[in-house]
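Data first, discussion second: the structure below is written as structure tokens.
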Amino acid sequence: MTNSQLLKVVSKKALKYNKEIEAIKLLLLELSGLTPHEFYLSLNKEVSDNFAKDFMEKADQYIINHVPIQHILGYSYFYGYPFKVSDAVLIPRVETEQLVEHVLYYYDKYFTNQKLDVIDLGTGSGCIGLSLAKEEPNLAVTVTDISAAALAVAKENGQSLNVDVSYILSDWFSNVKGRYDIIISNPPYIPDAEDVQDIVKKEPHVALYGGKSGMTFYQHILEHVKPYSKERCLIGFEHGYQQKVDILGVTRQNFPHAKVIQLKDLQGRDRFTFLGFGGVLEDE
């Protein structure tokens, strides 16, 4: 059987169970160990029976048992870097890469070449904080999480990326000390009563749900952030596309005079809110 035939057979099964063909393609590509270019040149190449069997068994974990492809592989790509993932952390999303991009843009515009203290609250796999540390050496990054298992995954990712980052086991600010120039978070924001796909249910509940309206953790952070922010500071969030108005309301309740910028993701959905203090964001 060739790669092409194997892909066709398993893709047909995926469609039957309403699973994504692109996920099947990703699984086959990653298991092949080839670059995308090499893989597509080898579509008509015969594969071994053992490889075909391994691929079909792993594909069934995704198709039948709703196990995310990233959990099957044990890693996910984020901002061009491989991040270890497990059922202890949220799988990094493409939208979150834009959060990193926005922070780096604002750093270059308002803090150029300055050494800053940055904290990533509720880091999970570490994808936000570690990517910032990897991309900008002037950022002294601290990452926190309430889950010891999640923080262990983040530490492994920090080691593999060779970045010097501080790790704190903390329920938001409970164990945090000091003040920060940049405070960033992608907290759980799915409303408790909202149903999610079976495959999403394989991810940790604590990393998904954010209270009755999904706003619990934004409210908590904004109510408690003042003692941890420097006079000149950037605070940034990723949030659900339906939460733009709510998060703006909570922001105004706590910081009526802050400069606030709300941005859309690449799909045109309201996804990010930034607060600026001490001149940050003033000319946006």
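The values are calculated or read from the model by the stated rules, or taken from the named source; none is laboratory data. Treat the numbers as computed from the prediction; the structure is a model and nothing was measured. Glycine also receives a Cβ, built like all others from the backbone with ideal geometry; neighbour counts cover every protein chain displayed.
Structure data summary
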read-out: Test: residue in region 219-232 that is small (G, A, S) and at pLDDT 95 or above; value: yes
read-out: Residue pairs meeting the criteria (Cβ under 9 Å; at least 6 apart or on separate chains; first more than 10 Å from V143 (Cβ to Cβ) and not assigned by TED's automatic domain parsing to the domain that holds T142, in region 112-127; second hydrophobic (A, V, I, L, M, F, W, C) and assigned to a helix (DSSP H, G or I)); value: none
read-out: Region 53-90 - residue that is of a type in the set (A, V, I, L, M, F, W, C) and more than 15 Å from L26 (Cα to Cα) and, of those, farthest from the chain's Cα centre (by Cα); value: I64
read-out: Criterion: assigned by TED's automatic domain parsing to the domain that holds G122 and either in contact (Cβ under 8 Å) with a residue 40 or more places away in the chain or not in a helix (DSSP H, G or I) (or both) - qualifying residue of I91, I72; value: I91
read-out: Failed criterion for T144 (all others in (1) buried (at least 22 other Cβ atoms within 10 Å of the Cβ); (2) over 21 Å from L222 (Cβ atoms); (3) among the polar types (S, T, N, Q) hold); value: (2)
read-out: Residue count, region 23-65 (criterion: hydroxyl-bearing (S, T, Y), under 19 Å from P82 (Cα atoms) and outside any helix (DSSP H, G or I)); value: 1
read-out: Every residue from region 242-283 that is among the polar types (S, T, N, Q) and not in a loop (DSSP other than H, G, I, E, B); value: Q242, Q243, T251, Q253, N254, Q262, T273
read-out: Lone qualifier among L43, L6, L15 - being free of Cβ contacts under 8 Å to residues at least 24 places away in the same chain and over 24 Å from the mean Cα position of the chain (by Cα); value: L15
read-out: Conditions (1) modelled with pLDDT of 95 or more; (2) out of contact with any Gly (no Cβ under 9 Å at 6 or more places or on another chain); (3) aliphatic (A, V, I, L, M): number failed by L208; value: (1)
